[in-house]
Each structure stands twice: as structure tokens, then as C-alpha cells.
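Nothing in this text is a laboratory measurement; each read-out follows from the coordinates by a stated rule. Worth saying up front: this structure is predicted, and the values here are computed from it rather than measured. Heads up, the Cβs are rebuilt from the backbone with ideal geometry, glycines too, and the neighbour counts pull from every protein chain shown.
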Amino acid sequence: MKTAIIKGYAKINLHLDVTGIMENGFHAVNNIMQSVSLCDTVTLKERLDGVITVDCNIDKVPKNESNLAYRAARLFCERTGVCIGADIYIEKHIPMAAGLAGGSADAAATLKGMNELCAYPLSEDELCAIGGELGSDIPFCIVGGAAFADEKGDVLHPFPKMPDCTIVIACGGEGVSTPLAYRMLDDKYDRFCSYTPADTLALRKAAECGDIANIAKNTFNIFEQPVLSVRPVAAAIKQAMINGGAIRAMMSGSGPSVFGIFIDEHTAVEAARLISALGVTPHICKPN
Ligand code: ATP
């Protein structure tokens with residue numbers, strides 16, 4: 001029986017803003033994402049009976065049909081017409097419900113793994129189309145690197161990859177559900193009737209030049225202020241990153257994880273110590 005072992009990488013948001021509310025009720029976003037080396041490892045063992053199972057090293061992760069990896073494998077079979085099954089094992093390192101797209105990373109890895117087990121019937125674009133049916137971050141998790149996404153967050157445009165630096169990520173407790181986070185924004189910005197989105201030009205120019213200081217300076221997340229105001233641990237992590245020498249610390253997605261950008265690894269390791277003292281686990285990683 002064939003086996004595929006695929007890494008599913010977390011993402012951070014270098015820029016996350018809402019540009020309005022679309023006719024279908026979804027919030028339209030400007031979303032600049034960068035994948036990082038913090039990852040889950042997804043192992044798929046082929047089964048000839050068509051059955052799909054999911055297991056994981058973390059208790060809280062659902063092991064049933066609600067797991068995004070399960071749903072991705074099933075949708076792959078439906079769309080391609082192949083009827084193989086798979087035992088899927090997720091070795092999870094990406095904090096859950098943290099704004100790091102962990103479930104999406106697992107779904108992306110599963111789609112790639114199913115494609116590998118079936119001798120690559122689908123192109124990357126076709127895998128992205130299937131992924132997009134399940135979640136707006138999945139196409140980005142399939143492609144990786146950096147990208148600018150607009151509309152619902154699933155329409156991807158090229159964006160220059162972040163230059164080498166060290167990134168420390170830590171999750172500040174329990175997440176705020178994405179619908180609740182959007183409700184907080186709707187209240188704060190009066191359903192975006194007269195909101196002017198933040199500019200992305202300075203960030204793009206810095207990324208084109210590989211200018212890490214200006215990339216860091218121009219990061220933005222519209223969710224940060226409202227979510228950090230109700231997640232004190234995440235706010236404390238942000239402060240510890242800054243005290244520890246990060247050139248910038250910013251919440252990722254709708255939180256509550258926070259990432260710090262460091263020029264040198266030594267400073268990042270020292271900052272990680274300060275974060276550990278808060279009782280949370282820091283992850284030291286790189287853009288990839
Ligand atoms: P995003 O950044 O895309 O909003 P997230 O990082 O905030 O995602 P996830 O880690 O993907 O959040 O988890 C969100 C919820 O999805 C979890 O509470 C969990 O119940 C469910 N879930 C389904 N499949 C998975 C999976 N493979 N890994 C983690 N959570 C999963």
C-alpha cells in the first residue's frame with residue numbers, strides 16, 4: 001500500500017483588512033499571507049476499501065467527518081471519481097483555533113497527499129479549486145510562499161516572499177470565533193459603510209525590495225485591537241515580543257496568536273524565553 005507524507009504549513013497575516021461587505025453577506029478582505037516553517041505533518045496510508053479515517057496526536061482535534069483533512073480527502077474522491085480510501089494521521093504542531101490556518105494547512109496537505117497516492121491526476125490549480133470549496137485559506141495553504149488574497153480571501157494574486165528573518169509565534173489562550181470577531185468589527189466600523197481600507201502599497205514596495213524593517217513596520221491587522229482587548233494573554237505576548245527585541249509584533253488572523261519579526265535568531269531565542277515565562281509555548285520559525 002502506498003504512503004504519502006506531506007507537511008502542512010501555518011500562515012501569518014502581514015496585512016489583514018476588511019474592504020466592505022459583499023452582496024452574498026461575506027466580508028471582502030485584503031489579506032497578505034506568508035507561510036512559515038511551523039507545520040503539521042500529515043501521513044496518508046492508502047486503503048483499497050475506500051474508507052477514510054483520521055487520527056491525531058492531539059486530543060482536542062476532531063477525529064471524525066468534521067476534520068478538514070477528512071473532508072478534503074472525501075471531496076478529492078468525489079471530484080476525481082477515484083475511490084481509494086486513506087488512513088490519515090495528523091502530527092499537530094500548529095496551535096488550534098489560533099489564526100494560523102492549522103486546519104486549512106492539514107486540508108491542503110491532505111489534498112496534495114491524495115493527489116500523490118493517485119499518481120497526480122490533478123494540477124495545483126485544480127487542487128486549489130477543490131480546497132476553495134472547503135475554506136478560503138486552503139488554496140493559499142496549497143500554494144504557500146506569500147500571496148495577496150482579496151474578495152472572500154480565496155482569490156490569490158502574486159506577492160513577493162518575505163526575506164530571511166526569524167519569526168516567533170505564540171498563542172494567547174482560547175480563540176475568538178471568526179464570526180464573533182467579524183461581529184466585533186461590524187460594531188466598531190458600523191458595518192463598513194464609510195470605512196477606508198488601509199493602504200498596502202508601502203508593504204508591497206518593502207517586500208519587493210526585501211526590506212525586512214519596512215515590511216515589519218507596515219504590517220496591519222484590523223482584528224488586532226478589538227481581539228487583544230478581550231484576550232489579555234495575547235496582549236501580554238505582544239508586549240513580551242516587543243520587550244524582547246522584535247522589530248514588530250502583530251496578531252495573526254482573528255487571533256489569538258501573535259507573531260514577532262526578528263532580524264537575528266539570537267534575539268528571537270531570548271524573546272522566546274520571555275514568552276515562556278508567561279506560561280505559553282513559543283514557536284521559533286522562518287518564512288518559507
Ligand atoms: P483560520 O486561521 O483558518 O481561521 P484557525 O487557525 O483559527 O483557522 P484551526 O486550527 O483551523 O483554526 O481550527 C478551527 C477549528 O476547526 C477547530 O476548533 C477544530 O474544531 C476544527 N478543525 C477541523 N479540522 C481540524 C484540523 N485538522 N486541525 C485543527 N482544527 C480542525
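Computed values, structure above
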| item | result |
| --- | --- |
| Of 7/286; 112/161; 2/112; 92/238; 11/112, those spanning more than 20 Å from alpha-carbon to alpha-carbon | 112/161; 92/238 |
| Convex hull of Cα atoms in segment 164-288, direction-averaged projection (nm²) | 7.8 |
| Estimated D of segment 1-157 in µm² per second, where Rh is the Kirkwood radius over Cα pairs and Stokes-Einstein applies at 25 °C, 0.890 mPa s | 157 |
| Table column - 3J(HN,Hα) (Hz), segment 49-54, Karplus curve with 6.51, -1.76, 1.60, x for Gly and Pro | 8, x, 7, 10, 10, 10 |
| Segment 81-226: equivalent-ellipsoid semi-axes (sqrt of 5 x gyration tensor eigenvalues, Cα, Å) | 30, 20, 17 |
| Exposure proxy order (Cβ contacts within 10 Å, fewest to most) of 190, 40 | 190, 40 |
| At R0 = 51 Å, FRET efficiency that the Cβ-Cβ distance of residue 47 and residue 273 yields, to 0.05 | 0.70 |
| Per-residue Cβ neighbour rank within 10 angstrom, fewest leading, 276, 136, 66 | 66, 276, 136 |
| Selected from 218, 115, 57 as most flexible by GNM, with the chain as the system and alpha-carbon contacts under 10 Å | 57 |
| Whole-number D in µm² s⁻¹ for segment 1-76, Kirkwood Cα-pair radius fed into Stokes-Einstein, 37 °C, 0.692 mPa s | 212 |
| Distribution of pairwise C-alpha distances over segment 37-113, 5 Å bins, in % | 3, 17, 30, 26, 13, 7, 3, 0 |
| q = 0.19 Å⁻¹: log10 I(q)/I(0) that the Debye formula gives for segment 143-222, counting C-alpha atoms only | -1.13 |
| Sum of -39500 (n - 2.57) over DSSP H runs of 4+, divided by residues of the chain (222 nm, nearest 500) | -10500 deg cm²/dmol |
| For segment 217-265, the fraction of alpha-carbon pairs in successive 10 Å shells from zero, as % | 29, 57, 14, 0 |
| Binned Cα-Cα distances of the chain, short to long, each 10 Å bin given as a whole percent | 7, 29, 34, 23, 7, 0 |
| Cα-centre dipole for segment 85-167 with unit charges at Cβ (Lys and Arg positive, Asp and Glu negative), debye to 20 | 200 |
| Computed Rg/Rh of segment 74-132, alpha carbon atoms with Kirkwood Rh | 0.99 |
| Segment 65-80 and segment 188-219: distance between their alpha carbon centers, rounded to Å | 35 |
